[in-house]
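As structure tokens, the structure follows; a few thoughts come after it.
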Amino acid sequence: MRRLLATVAVLAFALPAAALAAVRGPSDGTLSLRDGRGTFSIRATGGIIGSFAKGRVTVTDPDPSDGTGPIVTGDDWHKERNDTTTVYGGTKVRFRLIGGSFRIRVVGTGVNLSVVGKGSVNLAGAGTADDGTYSVDGGDYTAVPDFVTFFLP
């Protein structure tokens, strides 16, 4: 009888999780960018972790209380545009925002991004021979186009 109750208890917790996973489906709302060169804009709710070899990132966090807020390291300079927007620049810069809504615009080289969430993305390579690669929802990596590409991850 105890084994039966233990089994039922485990199933009671496992079934809702499995149901949620099944409802969500293959589109898990992810974007991965590797070694990008150009301009990359993300407007989303979720999380982002990124870095670049050289360039600048404009971070807008409209509600500082809904997540970690921007965490930026390695910047050579930064400038606050207003209460919610700051621009950071330099070489070997790393940044992250976890939780809540945000807007990020990165202009640079050696750009790496990992995004999880719901929102919109604009990718525009610099028009060089190798502007990097990107993947959406765990799919195959594709070359970054040298024109503005808009999609929802």
**Asked** Roughly what would the spin-label model give for residue 91 and residue 141, points 7 Å off Cα along C-beta, in nm?
**Response** 2.4 nm
**Prompt:** Given a cut-off of under 8 Å on Cα pairs at least six residues apart, what relative contact order in percent is computed for segment 27-151?
**Reply:** 41 percent
**Message:** Applying a 10 Å radius around every beta-carbon, put 58-66, 84-92 in order of their mean neighbour count, most first.
**Reply:** 84-92, 58-66
**Request:** Take the Cα atoms of segment 27-151, build their convex hull, and give its volume per residue in Å³.
**Result:** 85 Å³
**Message:** Amide H of residue 75 versus every other amide H placed in the peptide plane: which residues, excluding those fewer than 5 positions away on the same chain, fall under 5 Å?
**Reply:** 94
**Request:** Identify all lysines with a Cα-Cα distance to residue 54 below 23 Å; exclude those on the same chain that are fewer than 8 residues away in sequence.
**Result:** 79, 92
**Message:** From the P(r) of segment 78-128, could you give the percentage of C-alpha pairs in the tail past 18 Å?
**Reply:** 43 percent
**Prompt:** Once both labels are modelled 7 Å past Cα along the beta-carbon direction, what's the residue 45-residue 120 spacing in nm?
**Reply:** 1.6 nm
**Asked** Hey, rough spin-label estimate for residue 133 and residue 34, points 7 angstrom out along Cα→Cβ, what's it come to in nanometres?
**Response** 0.4 nm
**Item:** Euclidean distance between Cα centres, segment 72-93 to segment 27-64, Å
**Value:** 14 Å
**Item:** segment 27-151, dipole about Cα centre (Lys/Arg Cβ +1, Asp/Glu Cβ -1), debye to the nearest 20
**Value:** 260 debye
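Each value in this text was obtained by applying a stated rule to the coordinates, not by laboratory testing. The shown structure was predicted, so the numbers you read here are calculated from the model rather than taken from an experiment. Cβ sites come from the backbone with ideal geometry, for glycine too, and all protein chains shown count toward neighbours.
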